[in-house]
Amino acid sequence: MTIAYCLFAVLLIWLSFRSLRGGIDYLAFFRSELAKPLSNYTPKATIIAPCRGIDEGLEENLATLIEQDYPDFEVIFVVDDERDNAVPTINSLIKTCSYAKLVIAPKATDSSQKVENLREAVLHPADDSQVFVFVDSDARPQKLWLRRLVAPLENEGVGAATGYRWFISPRPTFGSELRSAWNASIASALGPNTLSNFCWGGSMAIRRDVFDEVGIRERWTGTLSDDFVVTNAMKDAGKSIVFVPQALAVSYESCSFETMLEFTTRQMKITRVYATPLWLLSMIGSSLFLGVIVASFAIILLTQMNGWLRWFALAIMVLVFGLSIAKAHLRLTAVRLALPNWDRHLAKQTFSQLTLFLVASAIFLYNCLAAFVSRRINWRGTVYELKSRTETVIISSE
């Protein structure tokens, strides 16, 4: 047992050093990208925003879409019911500009309602639109978000450009801060490696010709996850995915511990179906981290003061915690550079981002185990069963 513990502990230290190295590269990548001048590549773009119900700060979120600093674009809001609670807010925004409209999608029968909304919305862009840009209704992008996100698409080899979310709570709670820390670890998986990057549907741009070429609308049939489908389609077509730090979008909302647990578990259930190797790696990684930490605590408490194993366990604890804190600090520093308008809020997250990694690892393990025993999720009032990548069953809907 002692030999096994030592081997796993050394492996965890090696992985922690690699993670820190990734954090250093992450910050360097942000600094390099943020220093680039604005691109002159500004083809007409269509922003597609699927909506359902009232998100916290919905009006402010949607207003940022029609206020983008971009020469020629349109906004398509899409819902599945003209009586949806979001419609009055959408209509009030449409009245203020001539380049926004509302589309009503049919009710989903064999896919998630979000996917059905997107499949309908892509049938209604302007004829001269050259780029599709997808955004979630709970995201609040910056004023130059559209221009920065579209810029990489000038390169013919690029299939998609993506940002990611960062959670900030107007009323910080343990649940909301833990959700932000959990989500942050995924955010730092994106970077300069266009082959390993993935798309996030809440901030994603694709040239219209590429969208049609790889058959995204057809691939969405019967699916639940819009962004995993796009990611797999781009990889199958041999096209790269560019991560744009300036396309980070804040999700400005609070949540309870229960809501956090539901959200994180839903994400991992989706990951299990659409990216099984990633789900397995998450389960193995969180098990290794927690196993070594718990074992180290036990050794420190139970082993004699002068025992070498006790000092080894103590050194492991110090190293792992130190490396994890350093990685979290580098990540938060990078995000603060990319989101200067939110710096005051991000500064307040320093303590939680640097300390909740241990709890977040436990949540990851719980999420992975929950995904192992069930593929059923509740998403915006609809219960789905994820049979496979191409088969989604609607169990019930509000």
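The values are calculated or read from the model by the stated rules, or taken from the named source; none is laboratory data. Treat the numbers as computed from the prediction; the structure is a model and nothing was measured. Here the Cβ is made from the backbone with ideal geometry for all residues, glycine too, and neighbour counts use every protein chain on show.
Residues of the range 301-316 that are surrounded by 12 or more Cβ atoms within 10 Å (Cβ to Cβ) and more than 22 Å from LEU356 (Cα to Cα): THR303, GLY307, LEU309, ARG310, TRP311, PHE312.
Residues in the range 22-40: is at least one farther than 20 Å from ILE394 by Cβ and touching a strand residue (DSSP E or B) at 6+ places or on another chain (Cβ under 7 Å)?
If we filter the range 22-40 for residues that are farther than 20 Å from ILE394 by Cβ, which is where we start, we get 22-40.
Now drop any that are not touching a strand residue (DSSP E or B) at 6+ places or on another chain (Cβ under 7 Å), which leaves none.
Taking every residue of the range 22-40 in turn, none turns out to be farther than 20 Å from ILE394 by Cβ and touching a strand residue (DSSP E or B) at 6+ places or on another chain (Cβ under 7 Å).
Those helices (runs of 4 or more DSSP H) of the range 173-288 in which 2 or more residues are among the small types (Gly, Ala, Ser) and at negative phi occupy 174-187. Suppose we keep only residues that are of a type in the set (Val, Ile, Thr) and loosely packed, with under 15 Cβ neighbours inside 10 Å within the range 272-300. Which one would you say is nearest to the chain's Cα centre (by Cα)? Checked the range 272-300; the qualifying residue nearest to the chain's Cα centre (by Cα) is THR276. Only one entry of SER169, SER180 meets the criterion of being closer than 20 Å to ARG344 by Cβ and either touching a Cys at 6+ places or on another chain (Cβ under 9 Å) or of a type in the set (A, V, I, L, M) (or both), and that entry is SER169. One residue alone among ARG31, ARG52, ARG18 is basic (Lys, Arg) and free of Cβ contacts under 8 Å to residues at least 24 places away in the same chain, and that residue is ARG18. List every residue pair whose Cβ atoms lie under 6 Å apart, where the two residues are 6 or more positions apart in sequence or sit on different chains, the first residue falls within the range 370-398 and is outside the structural domain of SER111 (by TED's automatic domain parsing) and at positive phi, and the second residue, located anywhere, is assigned to a loop (DSSP other than H, G, I, E, B) and surrounded by fewer than 13 Cβ atoms within 10 Å (Cβ to Cβ). Final answer for the pair search is GLY381/GLU398.
Residues in the range 180-193 that are crowded, with 17+ Cβ neighbours inside 10 Å and either of a type in the set (Gly, Ala, Ser) or at pLDDT below 90 (or both): SER180, ALA181, ALA184, SER185, ALA187, SER188, GLY191. Residues that are under 12 Å from the mean Cα position of the chain (by Cα) and more than 22 Å from GLN142 (Cβ to Cβ) within the range 196-224 are absent altogether.
Taken over the range 88-113, the residue count meeting the criterion of being in contact with a Phe, Trp or Tyr (Cβ under 8 Å, 6 or more places away or on another chain) and charged (D, E, K, R) is 1.
Please pick out the residue among PHE243, PHE289 that is outside the structural domain of GLU120 (by TED's automatic domain parsing) and touching a Leu at 6+ places or on another chain (Cβ under 9 Å).
Testing whether each residue is outside the structural domain of GLU120 (by TED's automatic domain parsing) and touching a Leu at 6+ places or on another chain (Cβ under 9 Å) leaves just PHE289.
If the condition is being exposed (fewer than 14 other Cβ atoms within 10 Å of the Cβ) and closer than 30 Å to ARG380 by Cα, then the range 8-54 contributes only GLY53.
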